[in-house]
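In what follows, a single structure is set out as structure tokens and then discussed.
Derivation of every value follows stated rules applied to the coordinates shown; laboratory data play no part. Please read these numbers as outputs of a predicted model, since none were measured by experiment. Reconstructed Cβ throughout: ideal geometry from the backbone, glycine too, with neighbour counts over all protein chains shown.
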Amino acid sequence: MERAFVLAASAIGAGLAMIAGLGPGIGQGFAAGKACEAVGRQPEASSDVTRTMLLGCAVAESTGIYSLVISIVLIFMNPLVNML
């Protein structure tokens with residue numbers, strides 16, 4: 001019974017961790033839209049805008065990757081099951 005509860009809680013936790021993947025997607029879309037607006041206003045600054053946007057997207061993407069790693073650990077290598 002306890003093992004089933006831990007596995008169910010881990011599955012729910014993994015699902016909640018994957019909700020964190022929504023934030024980076026929305027943030028990257030917002031950043032890309034603002035970068036296109038900035039390039040439209042000042043085409044000569046397109047390299048600076050692109051570089052800054054890509055750096056920001058890389059930082060935002062790391063949040064999604066961390067949530068994926070946490071989900072994989074909770075599902076496949078659950079450390080809590082061994083404590084029962």
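What is the gain in length, in nm to one decimal, between ILE12 and ASP48 on full extension, counting 0.36 nm per residue of separation less the C-alpha to C-alpha distance?
8.8 nm is the gain from fully extending ILE12 to ASP48.
In angstrom, the C-alpha Rg and Dmax of the chain are 19.1, 65. What is the angle, in °, between the Cα long axis of helix 2-19 and the longest principal axis of the Cα atoms in the chain? Nearest 10 is fine, range 0 to 90. The angle comes out near 0 degrees. At an R0 of 30 angstrom, the distance between the Cβ atoms of VAL69 and PHE5 translates into a FRET efficiency of 0.80. Using Cα pairs under 8 angstrom and six or more residues apart, how large is the relative contact order of the chain, in percent? Once normalised by length, the contact order is 53 percent. The distance linking the stretch 1-29 with the stretch 37-75 is 22 Å (Cα centroid to Cα centroid, whole angstrom).
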